[in-house]
1. Mind ranking 41-48, 134-141 by how tightly packed they are, going by the mean number of other C-beta atoms within 10 angstrom, highest first?
2. Give a quick list of trypsin sites (Lys or Arg not before Pro) in region 182-231 that DSSP marks as loop, anything other than H, G, I, E or B, with at most 16 other Cβ atoms within 10 Å.
3. Calculate, for the chain, the solvent-accessible area per residue in square angstrom, rolling a 1.4 angstrom probe over the heavy atoms of the protein chains.
4. Pop out the carbon and sulfur fraction of the accessible area of region 159-207 as a percent, whole number, probe 1.4 Å.
5. Suppose R0 equals 30 Å. What FRET efficiency, 1/(1 + (r/R0)^6) with r the Cβ-Cβ distance, do E54 and Q114 give to the nearest 0.05?
6. Write out the trypsin sites (Lys or Arg not before Pro) in region 112-164 meeting two conditions: DSSP loop, and at most 12 other Cβ atoms within 10 Å of their Cβ.
7. If you work out log10 I(q)/I(0) by the Debye sum over Cα atoms at q = 0.10, 0.14, 0.15 Å⁻¹ from the coordinates, which of [x] -0.44, -0.86, -0.99; [y] -0.39, -0.80, -0.93; [z] -0.63, -0.98, -1.06 do you get?
8. Once you charge only the Cβ atoms, +1 for Lys and Arg and -1 for Asp and Glu, what is the size of the charge dipole of the chain about its Cα centre, to the nearest 20 debye?
Amino acid sequence: MPRDLILSSGFLAFARHLGVVQALRAANELPAAVVGTSSGAVVGALTCAGVPPETILRDLEGMIPWRGMRLHARPWQGLCEAPALRALLERYLPARIEDLPTPLAVGVVAPGKQHRLLTEGPLVEAVLASCAMPGIFAPIVVAGVSMADGGAVDRVAVDPWRRWRPGRQAWVHQVARTAGVDRSEGRAGTTWIETPRSGASFLSLGDVRGQAEVARQLAAAVLARAKQNHE
């Protein structure tokens, strides 16, 4: 049975996630469903939409994040918004989460610090909400509720995934923490791929292809060990 894929939050760690997706595709381990938070929600949504990782890497090359940001009209709610990211998502994604060919759950936090996995509703807004780091980006209203980066409560969302997909197994990609909360869920039913921080900043995403290649190699090693253990 194909495994699910869980992509953690990680500051601008798009390329790390893309490297893991490259390794999975090379091993013919296409995910049955994806959970993504923050940068993981971006890559997860694009992956579920069938966009090849190489296409996304091409779009990211040379991107300077701060140039795609602008001051929010109500800065007391959050300093910035991200029109360039919205435009990128709208280029590739359908209108609603349930329109994706592969099931997706997006990790967000609702008022009262309540963690949620969004599995239906407006897709671009859900992903933007998952990327709305508190204090930097303004929360996004999704289906009438103000929501923000789920990584502030749970970066990986393994337990919420288990409640959404009971009895399934998953590959879990955890980028080393920059901010947010790493919960100590048990690892039963999961195989973990751990990669370093991306080193990206709002000034530059850096060498996205190099970042992806490091993650691809680390993921490929985990996949090879997993295959040996099951032979």
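1. 41-48, 134-141
2. Taking region 182-231 and a limit of 16 other Cβ atoms within 10 Å, the loop trypsin sites (Lys or Arg not before Pro) found are R183, R187, R197.
3. Value for the chain: 46 Å² per residue.
4. Using a 1.4 Å probe with all protein chains present, region 159-207 comes out at 48 percent carbon and sulfur.
5. Taking R0 as 30 Å, the efficiency between E54 and Q114 is 0.20.
6. Taking region 112-164 and a limit of 12 other Cβ atoms within 10 Å, the loop trypsin sites (Lys or Arg not before Pro) found are K113.
7. Structure-derived value, by its label: [y].
8. 280 debye
The values are calculated or read from the model by the stated rules, or taken from the named source; none is laboratory data. Nothing here was measured: the structure is a model prediction, and the numbers come from that model. Counting neighbours? That spans all protein chains shown, and the Cβs are built from the backbone with ideal geometry, glycine included. When the accessible area is computed, the model is the full protein with side chains, heavy atoms only, and any ligands, DNA or RNA have been set aside. Shrake-Rupley method; radii C 1.70, N 1.55, O 1.52, S 1.80 Å.
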